[in-house]
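Student: Dropping the structure in here first, questions after.
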Amino acid sequence: MALATFAIGVAALRRQVGATQSFAITGIFDPDNLYGAVTPGESSVAPGADATIAGQLESIPKGIVVTGLVSAPWVGECRRCAIELGGLLEVAVRERFVEGATDEDEAYPLEGEILDLFDLVRDSLVLELPIAPLCREDCKGLCVTCGADRNEGECGCESPIDPRWASLETLRSPEEA
Ligand SMILES: [Zn+2]
Ligand SMILES: [Zn+2]
């Protein structure tokens, strides 16, 4: 049977506690589009893109420690002006895979002589996606009246009146009239 994309055979490594092995795996992160953006503009790993995990495996009693770097391109949009953004996510990882691990072990389960790193790749990337990215710190966003990109110049719309000033004007008007 063919190995899953992010799986490695570790039979030889596991024969000796303390043994180490370098590895690097690159493959399509989400071929079935299970982890794409749920709402429009939400950050996600770029559709169809490869992810890479590379580093070192170390054999420990009942398991393996994985130390390395997970990387993949991400895409999303600026939370103020909705321009498309993207970049490279890089996440340093150090996690244990242990036989019979449960949620309480703070380790990933290891099934026999196959180490499947996909859950680690997915968790690392999904947790590091930018939640509400900005194209730049001072992005002016879109005009709420006409929708123009205010980074490209003023559209000429009146600024909406701040309600605090509006109430001051009401107080002042009788005297000034
Ligand atoms: Zn922006
Ligand atoms: Zn406008």
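Student: Angle, helix 163-176 long axis vs. longest principal axis of the chain, Cα atoms, 0 to 90°, nearest 10?
Tutor: 10
Student: Within the stretch 82-158, report the GluC sites (Glu not before Pro) that DSSP leaves as loop and that have at most 13 other Cβ atoms within 10 Å.
Tutor: Passing sites in the stretch 82-158 are 106, 113, 137, 154, 158.
Student: Specify which residue in the list 143, 7, 39 is farthest towards the positive end of the charge dipole of the chain, using unit charges on the beta carbon of Lys, Arg (+1) and Asp, Glu (-1), about the Cα centre.
Tutor: So the residue we want is 7.
Student: On a full-extension model of 0.36 nm per residue, what is the gain between residue 15 and residue 90, subtracting their alpha-carbon distance, rounded to one decimal in nm?
Tutor: 23.9 nm
Student: What nm distance separates the two modelled labels at residue 134 and residue 155, each placed 7 Å from Cα along Cα→Cβ?
Tutor: Label-label distance for residue 134 and residue 155, simple model: 2.0 nm.
Student: With +1 on the Cβ of every Lys and Arg and -1 on the Cβ of every Asp and Glu, and nothing else charged, how large is the dipole of the stretch 1-121 about its Cα centre, in debye rounded to the nearest 20?
Tutor: Charge dipole, the stretch 1-121, about its Cα centre: 360 debye, nearest 20.
Student: Compute the signed sum of charges (Lys and Arg +1, Asp and Glu -1) over the other residues within less than 10 Å, Cβ to Cβ, of residue 143.
Tutor: Within the 10 Å Cβ shell, the charges total 0.
Student: Summing Lys, Arg as +1 and Asp, Glu as -1, what charge do residues with Cβ under 11 Å from the Cβ of residue 60 carry, residue 60 excluded?
Tutor: Summing Lys/Arg as +1 and Asp/Glu as -1 gives +1.
Student: Given DSSP loops and a limit of at most 15 other Cβ atoms within 10 Å, what is the longest stretch of the chain that contains no such trypsin sites (Lys or Arg not before Pro)?
Tutor: In the chain, the maximal stretch lacking such sites is 63-135.
Student: Now for a separate question. Could you work out how far apart the two model spin labels at residue 126 and residue 60 are, taking each label as a point 7 Å from the Cα in the direction of the beta carbon, and quote it in nm?
Tutor: 2.4
Student: Relative contact order for the chain: what percent, with Cα pairs under 8 Å and sequence separation of 6 or more?
Tutor: Taking the mean separation of contacting Cα pairs over the length of the chain, I get 19 percent.
Student: So, one more: Using the heavy atoms of the protein chains and a 1.4 angstrom probe, tell me the accessible area per residue for the chain in square angstrom.
Tutor: On a per-residue basis, the chain sits at 65 Å².
Student: Helix-only estimate, please: 222 nm mean residue ellipticity of the chain, summing -39500 (n - 2.57) across DSSP H runs of length 4 or more and dividing by its residues, to the nearest 500.
Tutor: Result for the chain: -5000 deg cm²/dmol, rounded to the nearest 500.
Student: Right, next: In the chain, if the dipole is taken from +1 on Lys/Arg beta carbons and -1 on Asp/Glu beta carbons about the Cα centre, which of 54, 81, 22 is farthest to the positive end?
Tutor: 22
The values are calculated or read from the model by the stated rules, or taken from the named source; none is laboratory data. If you're wondering where the values come from, they're calculated on a predicted model, not measured in any experiment. Cβ atoms come from the backbone with ideal geometry, glycine included; neighbour counts cover every protein chain shown. Quick note on the areas: whole protein, heavy atoms, side chains included, nothing else; ligands and nucleic acids left out. Shrake-Rupley method; radii C 1.70, N 1.55, O 1.52, S 1.80 Å.
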